[in-house]
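The values are calculated or read from the model by the stated rules, or taken from the named source; none is laboratory data. What you see is a predicted model; the values in this text were computed from it and never measured. Please note: Cβ atoms are built from the backbone with ideal geometry, for glycine as well, and neighbour counts cover all protein chains shown.
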Amino acid sequence: MKGTSCTYKKVFVYALFVFLLGGCATIKPSALNQGIQSINISQESIALLSIKVSNKYKPSYQPKIMYVFVWENGKDDNKRYSFKVEDPYKEIENEYNEYLISFQLTPGKYKLRELFAQSGMFPVRGTFSMPIYSVFEIEANKIIYLGHIEASIKEKTNADELRAGPVIPLIDQAVTGASGGTFVIEITDLFKNDIDFFKKQYPYLSSYNIENRTLPQWKKPTEQDMQ
(Lines give C-alpha, C1' and ligand atoms only; values in the text may rest on other atoms or scores of the structure.)
Protein backbone atom coordinates (compact mmCIF):
# COMPACT_ATOMS: atom_id res chain seq x y z
CA MET A 1 0.00 0.00 0.00
CA LYS A 2 2.81 2.42 0.86
CA GLY A 3 4.49 1.73 -2.45
CA THR A 4 1.23 2.35 -4.32
CA SER A 5 0.65 5.61 -2.45
CA CYS A 6 4.19 6.82 -3.16
CA THR A 7 3.84 5.98 -6.86
CA TYR A 8 0.51 7.80 -7.04
CA LYS A 9 2.03 10.92 -5.51
CA LYS A 10 4.93 10.86 -7.95
CA VAL A 11 2.56 10.47 -10.89
CA PHE A 12 0.38 13.32 -9.65
CA VAL A 13 3.30 15.69 -9.12
CA TYR A 14 4.64 14.84 -12.57
CA ALA A 15 1.20 15.44 -14.14
CA LEU A 16 0.86 18.77 -12.33
CA PHE A 17 4.32 19.80 -13.43
CA VAL A 18 3.54 18.96 -17.06
CA PHE A 19 0.29 20.95 -16.78
CA LEU A 20 2.06 23.99 -15.35
CA LEU A 21 4.80 23.61 -17.92
CA GLY A 22 2.08 24.18 -20.49
CA GLY A 23 3.77 22.38 -23.36
CA CYS A 24 7.34 23.53 -22.76
CA ALA A 25 9.67 21.16 -24.57
CA THR A 26 12.62 21.46 -22.21
CA ILE A 27 13.68 22.94 -18.90
CA LYS A 28 16.40 25.53 -19.44
CA PRO A 29 19.12 26.21 -16.88
CA SER A 30 19.11 29.54 -15.09
CA ALA A 31 20.99 32.25 -16.95
CA LEU A 32 23.39 32.72 -14.05
CA ASN A 33 24.77 29.79 -12.11
CA GLN A 34 27.96 28.68 -10.43
CA GLY A 35 28.90 26.52 -13.39
CA ILE A 36 29.59 29.42 -15.75
CA GLN A 37 32.18 32.19 -15.61
CA SER A 38 30.84 34.52 -18.31
CA ILE A 39 27.62 35.40 -20.13
CA ASN A 40 26.64 36.30 -23.69
CA ILE A 41 23.69 38.62 -24.40
CA SER A 42 24.23 39.01 -28.15
CA GLN A 43 21.36 36.62 -28.98
CA GLU A 44 19.31 36.42 -25.79
CA SER A 45 18.89 39.03 -23.07
CA ILE A 46 18.74 38.29 -19.34
CA ALA A 47 16.08 39.07 -16.72
CA LEU A 48 16.87 39.11 -12.99
CA LEU A 49 14.66 39.10 -9.92
CA SER A 50 14.92 38.24 -6.25
CA ILE A 51 12.32 36.27 -4.31
CA LYS A 52 11.68 35.71 -0.63
CA VAL A 53 9.11 32.99 0.01
CA SER A 54 7.70 31.91 3.37
CA ASN A 55 4.96 29.68 4.74
CA LYS A 56 3.45 31.44 7.74
CA TYR A 57 0.45 29.10 7.73
CA LYS A 58 2.50 25.89 8.13
CA PRO A 59 6.01 27.07 9.13
CA SER A 60 7.49 23.56 9.17
CA TYR A 61 6.94 23.36 5.41
CA GLN A 62 8.81 26.21 3.76
CA PRO A 63 8.45 26.08 -0.06
CA LYS A 64 11.57 25.53 -2.11
CA ILE A 65 11.23 27.05 -5.58
CA MET A 66 12.19 24.63 -8.35
CA TYR A 67 11.13 26.26 -11.63
CA VAL A 68 9.89 29.52 -13.10
CA PHE A 69 7.41 29.53 -16.00
CA VAL A 70 7.44 32.31 -18.62
CA TRP A 71 5.16 32.60 -21.67
CA GLU A 72 5.33 34.84 -24.69
CA ASN A 73 2.62 37.47 -24.38
CA GLY A 74 0.10 38.64 -26.94
CA LYS A 75 0.50 35.87 -29.51
CA ASP A 76 -1.98 33.18 -30.50
CA ASP A 77 0.77 30.55 -30.64
CA ASN A 78 2.79 31.90 -27.71
CA LYS A 79 5.88 29.93 -26.83
CA ARG A 80 6.22 28.67 -23.27
CA TYR A 81 9.46 28.44 -21.34
CA SER A 82 10.51 26.87 -18.08
CA PHE A 83 13.72 27.66 -16.22
CA LYS A 84 15.45 25.87 -13.40
CA VAL A 85 15.90 27.89 -10.21
CA GLU A 86 19.21 27.67 -8.37
CA ASP A 87 19.33 26.73 -4.68
CA PRO A 88 18.35 29.49 -2.24
CA TYR A 89 21.19 31.84 -1.32
CA LYS A 90 19.66 32.22 2.14
CA GLU A 91 17.63 29.72 4.17
CA ILE A 92 16.19 30.29 7.64
CA GLU A 93 14.64 27.09 8.96
CA ASN A 94 10.89 27.32 9.57
CA GLU A 95 10.91 30.97 8.42
CA TYR A 96 11.79 31.62 4.76
CA ASN A 97 13.95 30.95 1.70
CA GLU A 98 15.50 33.64 -0.51
CA TYR A 99 16.48 33.29 -4.17
CA LEU A 100 18.34 35.15 -6.89
CA ILE A 101 16.55 34.15 -10.08
CA SER A 102 17.70 34.68 -13.66
CA PHE A 103 16.50 33.57 -17.07
CA GLN A 104 17.55 34.26 -20.65
CA LEU A 105 15.12 35.13 -23.47
CA THR A 106 15.10 36.47 -27.01
CA PRO A 107 13.79 40.08 -27.27
CA GLY A 108 10.01 40.34 -26.97
CA LYS A 109 6.99 40.67 -24.69
CA TYR A 110 6.46 38.03 -22.03
CA LYS A 111 4.34 37.08 -19.06
CA LEU A 112 6.01 35.87 -15.87
CA ARG A 113 3.31 33.35 -14.98
CA GLU A 114 4.07 31.06 -12.06
CA LEU A 115 6.77 29.65 -9.85
CA PHE A 116 6.62 25.95 -9.02
CA ALA A 117 7.74 24.94 -5.50
CA GLN A 118 7.76 21.91 -3.24
CA SER A 119 8.12 21.30 0.48
CA GLY A 120 8.53 18.36 2.81
CA MET A 121 9.89 14.87 2.28
CA PHE A 122 8.55 11.33 2.13
CA PRO A 123 5.93 10.44 3.19
CA VAL A 124 4.55 14.04 3.08
CA ARG A 125 5.53 16.30 0.20
CA GLY A 126 3.48 19.32 -0.86
CA THR A 127 3.38 21.11 -4.22
CA PHE A 128 2.89 24.87 -4.57
CA SER A 129 2.19 27.21 -7.47
CA MET A 130 2.94 30.91 -6.94
CA PRO A 131 0.69 32.95 -9.30
CA ILE A 132 2.49 36.05 -10.60
CA TYR A 133 0.97 36.67 -14.07
CA SER A 134 2.84 39.90 -14.72
CA VAL A 135 3.76 41.22 -18.18
CA PHE A 136 7.20 42.58 -19.08
CA GLU A 137 9.21 43.40 -22.19
CA ILE A 138 12.88 42.74 -22.83
CA GLU A 139 14.93 44.32 -25.61
CA ALA A 140 18.01 43.02 -27.40
CA ASN A 141 21.41 42.96 -25.68
CA LYS A 142 20.00 43.86 -22.27
CA ILE A 143 20.17 42.73 -18.67
CA ILE A 144 17.06 43.89 -16.82
CA TYR A 145 15.93 43.74 -13.20
CA LEU A 146 12.26 42.85 -12.64
CA GLY A 147 12.13 43.58 -8.92
CA HIS A 148 11.88 41.80 -5.59
CA ILE A 149 8.96 39.46 -4.96
CA GLU A 150 7.94 38.70 -1.40
CA ALA A 151 5.45 35.84 -1.23
CA SER A 152 4.07 34.46 2.02
CA ILE A 153 1.45 31.78 2.55
CA LYS A 154 -1.38 32.50 4.98
CA GLU A 155 -4.51 30.51 5.73
CA LYS A 156 -7.13 30.73 2.99
CA THR A 157 -10.25 32.28 4.51
CA ASN A 158 -12.60 32.86 1.57
CA ALA A 159 -13.48 31.40 -1.81
CA ASP A 160 -12.07 34.37 -3.74
CA GLU A 161 -8.50 33.65 -2.65
CA LEU A 162 -6.38 31.44 -4.90
CA ARG A 163 -5.09 28.25 -3.33
CA ALA A 164 -1.33 28.07 -2.80
CA GLY A 165 -1.39 24.66 -4.47
CA PRO A 166 -3.75 21.94 -5.72
CA VAL A 167 -6.04 19.94 -3.44
CA ILE A 168 -4.75 16.48 -4.41
CA PRO A 169 -3.03 14.48 -2.92
CA LEU A 170 -5.36 15.42 -0.07
CA ILE A 171 -3.14 14.67 2.93
CA ASP A 172 0.12 16.07 1.53
CA GLN A 173 -1.48 19.27 0.29
CA ALA A 174 -3.41 19.84 3.53
CA VAL A 175 -0.51 19.10 5.89
CA THR A 176 1.93 21.38 4.04
CA GLY A 177 -0.60 24.23 3.75
CA ALA A 178 -0.74 24.17 -0.04
CA SER A 179 -4.48 23.48 -0.38
CA GLY A 180 -5.60 25.37 2.72
CA GLY A 181 -3.31 28.34 2.20
CA THR A 182 -3.08 31.25 -0.19
CA PHE A 183 -0.15 33.38 -1.35
CA VAL A 184 0.09 37.01 -0.29
CA ILE A 185 2.41 38.61 -2.87
CA GLU A 186 4.15 41.97 -2.93
CA ILE A 187 6.51 43.31 -5.60
CA THR A 188 8.97 46.04 -4.64
CA ASP A 189 11.93 47.87 -6.13
CA LEU A 190 15.10 46.83 -4.28
CA PHE A 191 17.31 47.51 -7.27
CA LYS A 192 20.53 48.67 -5.60
CA ASN A 193 20.43 46.11 -2.81
CA ASP A 194 19.54 43.19 -5.09
CA ILE A 195 22.05 44.04 -7.81
CA ASP A 196 24.78 44.19 -5.17
CA PHE A 197 23.79 40.64 -4.15
CA PHE A 198 23.79 39.46 -7.76
CA LYS A 199 27.24 40.96 -8.42
CA LYS A 200 28.63 39.41 -5.25
CA GLN A 201 27.27 36.01 -6.28
CA TYR A 202 28.23 36.41 -9.96
CA PRO A 203 31.21 38.83 -10.20
CA TYR A 204 31.20 38.87 -14.03
CA LEU A 205 27.98 40.94 -13.87
CA SER A 206 30.04 43.94 -12.73
CA SER A 207 31.12 44.65 -16.31
CA TYR A 208 27.51 44.96 -17.56
CA ASN A 209 24.91 47.71 -17.32
CA ILE A 210 21.72 46.49 -15.64
CA GLU A 211 18.46 48.37 -16.20
CA ASN A 212 15.74 48.69 -13.58
CA ARG A 213 12.41 47.45 -14.98
CA THR A 214 10.64 46.59 -11.73
CA LEU A 215 7.27 44.95 -12.36
CA PRO A 216 4.07 46.74 -11.26
CA GLN A 217 2.57 45.87 -7.90
CA TRP A 218 0.97 42.43 -7.84
CA LYS A 219 -2.78 41.97 -8.06
CA LYS A 220 -4.76 38.77 -8.05
CA PRO A 221 -4.86 37.49 -11.63
CA THR A 222 -8.21 37.28 -13.41
CA GLU A 223 -9.37 34.20 -15.30
CA GLN A 224 -8.36 35.97 -18.52
CA ASP A 225 -4.86 36.65 -17.13
CA MET A 226 -4.46 32.95 -16.40
CA GLN A 227 -5.41 31.76 -19.89
Limited to segment 32-79, what total is found for residues that are over 17 Å from LEU105 (Cα atoms), among the charged types (D, E, K, R) and either without any contact (Cβ under 8 Å) to a residue 40 or more places away in the chain or in a loop (DSSP other than H, G, I, E, B) (or both)? 3
Among the listed residues LYS75, LYS90, which satisfies the condition of being at pLDDT below 95, more than 14 Å from the chain's Cα centre (by Cα) and of a type outside the set (A, V, I, L, M, F, W, C)? LYS75
For the list (1) surrounded by fewer than 17 Cβ atoms within 10 Å (Cβ to Cβ); (2) assigned to a loop (DSSP other than H, G, I, E, B); (3) without any contact (Cβ under 8 Å) to a residue 40 or more places away in the chain, I need the number of the one condition that ASP225 fails. (3)
Return the only residue of ILE153, ILE149, ILE187, ILE168 being farther than 15 Å from TYR96 by Cβ and outside any loop (DSSP other than H, G, I, E, B). ILE187
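Here's the yes/no breakdown for (1) modelled with pLDDT of 95 or more; (2) hydroxyl-bearing (Ser, Thr, Tyr):
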residue	(1), (2)
LYS156	yes, no
ARG163	yes, no
VAL167	yes, no
ILE185	yes, no
THR188	yes, yes
ASP196	yes, no
GLN217	yes, no
GLN224	no, no
In this structure, is GLY177 touching a Ser or Thr at 6+ places or on another chain (Cβ under 6 Å) and not in a strand (DSSP E or B)? no
Scan segment 143-151 and give yes if some residue there is closer than 30 Å to GLN104 by Cβ, surrounded by 13 or more Cβ atoms within 10 Å (Cβ to Cβ) and acidic (Asp, Glu), otherwise no. yes
